[in-house]
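Once you've had a glance at the structure underneath, I'll fire off some questions.
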Amino acid sequence: MSSITHTRINDLTNALSNDLSNRHDSYHAHFYFDESSLALATALQTTIRDELGLEVGNLNTRLVGPHPQWSFSATFSHDDFATFVPWVKANRQELSVLIHAVTGDDLIDHTEHVHWLGTQIKLDLSGF
């Protein structure tokens, strides 16, 4: 099982990149994984839920919505942004992560209000 770097959130001093700003009330972070990174994804999902206290979605080992790879999501608020985003940057390891605003317009949320950590993955937007 891949180990997670347990970096204390309060000790992070990483500045957020200029293109990732906290302008919305709510966000999703989608973590993408495959069979080889399933253990890491499971560990991250558990930590986010149990230690960080955020709402997490199912560990999807099938394609769901616009996501062309296995994934799980975490929901976080404007108030969580400044601590959760640096935590994700420090702990995602090889996983690609899509962070997007939740405004009620799924197409815009997944195309304009987005920031990628790791390799950007082409989403299937045909369902919007």
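Per-residue answers, yes or no, for (1) modelled with pLDDT of 95 or more; (2) in contact with a helix residue (DSSP H, G or I) (Cβ under 6 Å, 6 or more places away or on another chain); (3) closer than 15 Å to Gln69 by Cβ:
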| residue | (1), (2), (3) |
| --- | --- |
| Asn10 | no, no, no |
| Ser17 | no, no, no |
| His28 | yes, no, no |
| Asp34 | yes, no, yes |
| Ser37 | yes, no, yes |
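Could I ask something else about it? Counting only residues that are surrounded by fewer than 16 Cβ atoms within 10 Å (Cβ to Cβ) and touching an Asp or Glu at 6+ places or on another chain (Cβ under 9 Å), which one in the range 54-64 is farthest from Ile121 (Cα to Cα)?
So the residue we want is Thr61.
Is it the case that the range 84-99 has a residue that's surrounded by fewer than 16 Cβ atoms within 10 Å (Cβ to Cβ), closer than 21 Å to Ser126 by Cα and in contact (Cβ under 8 Å) with a residue 40 or more places away in the chain? Give the derivation first.
Quick first cut of the range 84-99, residues surrounded by fewer than 16 Cβ atoms within 10 Å (Cβ to Cβ) only: 93-94.
Still in the list and also closer than 21 Å to Ser126 by Cα: none.
No, the conditions are met nowhere in the range 84-99.
Right, here's the next one. Give me the pairs: first residue in the range 46-72 and farther than 19 Å from Trp116 by Cβ, second residue of a type in the set (D, E, K, R), beta-carbon distance under 7 Å, and six or more apart or on different chains, which are they?
Leu54/Asp80; Val56/Arg49
Another question, then. Would you check which residues across the range 99-128 are in contact with a helix residue (DSSP H, G or I) (Cβ under 8 Å, 6 or more places away or on another chain) and not polar (S, T, N, Q) and list them?
Residues satisfying the conditions are Ile99, His100, Ala101, Val102, Leu107, His110, Leu117, Leu123, Leu125, Phe128.
The values are calculated or read from the model by the stated rules, or taken from the named source; none is laboratory data. Just so you know, these numbers come straight off a predicted model, no measurement behind them. Glycine gets a Cβ as well: all are built from the backbone with ideal geometry, and neighbour counts include every protein chain shown.
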